[in-house]
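Input: a single structure, listed below in structure tokens.
Bear in mind that the values in this text are calculations on the coordinates, not laboratory data. Since we're looking at a predicted model, the values are computed, not measured. Methodologically, a virtual Cβ is constructed for each residue, glycine included, from the backbone with ideal geometry; neighbour enumeration extends over all protein chains shown.
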Amino acid sequence: MEETINRLFPVLAPQDYTRIENLATPEFVGAWYLLGIALISCLFNYLLGEELFFRGVLLPKMKGAFGKWDWAVNGVLFATYHLHKISEIPLFIVGSLLYGFLNAKYRSFWPAVIIHGVESIPLLFGVTAVILGFL
């Protein structure tokens, strides 16, 4: 979906310097500090930042304002938070609606934390592969 949006609206395409794929260059072979940065990013951005804030703090407080649709509004708000990845927002809306729904259904933000945490595994494997020179 992102590629289609980028083809239709090239102005929305991310700049080359913002794409994680551009780490796969010989200059980063052996740069183990990248794995530390990726681990810290996963912990503080995905888990403690996004999930704790959006699903752990905001979503329960949104119940009073949005009633039974709090999870949907929270999902759209979460997608909007990713405005810096504008061509991916439709995908973020779908994913964040799922996260918000699971949170509302199970009254816990842990399902979203687990799913979002699993999403970080390919990133960590990719960074490790770059460091080891496999990519």
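Over all Cα atoms in the chain, the spread is summed up by Rg and Dmax: 16.9, 53 Å.
If I build a Gaussian network model for the chain, linking alpha-carbon pairs within less than 10 angstrom, which residue out of Ala112, Ala72, Ala24 has the largest mean-square fluctuation? Judging by the Gaussian network model, the answer is Ala24. Note on the chain: with a GNM built from Cα contacts shorter than 10 Å, the maximum mean-square fluctuation among Gly75, Gly64, Gly95 falls on Gly64.
For the stretch 28-74, the calculated P(r) over all alpha carbon pairs, in 5 Å bins from 0 to the bin holding the longest distance, is 5, 21, 17, 14, 11, 10, 7, 6, 5, 3, 1 percent.
Model label sites at Val29 and Ala65, defined 7 Å from Cα along the beta-carbon direction, differ in position by 5.2 nm. With a cut-off of 18 Å on the backbone N, the residues of the stretch 36-59 near the modelled label site 7 Å out from Ile114 along Cα-Cβ are 47-48, 51-52, 55-56.
Dividing the mean sequence gap of close Cα pairs (under 8 Å, 6+ apart) by how many residues the chain holds gives a relative contact order of 35 percent. Across all directions, the average projected area of the convex hull around the alpha carbons of the stretch 84-135 is 4.6 nm².
Among residues other than Leu91 with Cβ under 13 Å from its Cβ, the summed charge is -3 (Lys and Arg +1, Asp and Glu -1). Taking label points 7 Å from Cα along the Cα-to-Cβ direction, Leu135 and Thr18 give a separation of 1.9 nm.
Exposure here means at most 12 other Cβ atoms within 10 Å; with trypsin sites (Lys or Arg not before Pro) in a DSSP loop as sites, the longest stretch of the chain lacking them is 20-106.
Using only the alpha-carbon atoms, how far is helix 70-81 inclined from the longest principal axis of the chain? Give it as 0 to 90 degrees, nearest 10. In the chain, helix 70-81 runs at an angle near 30 degrees to the longest axis.
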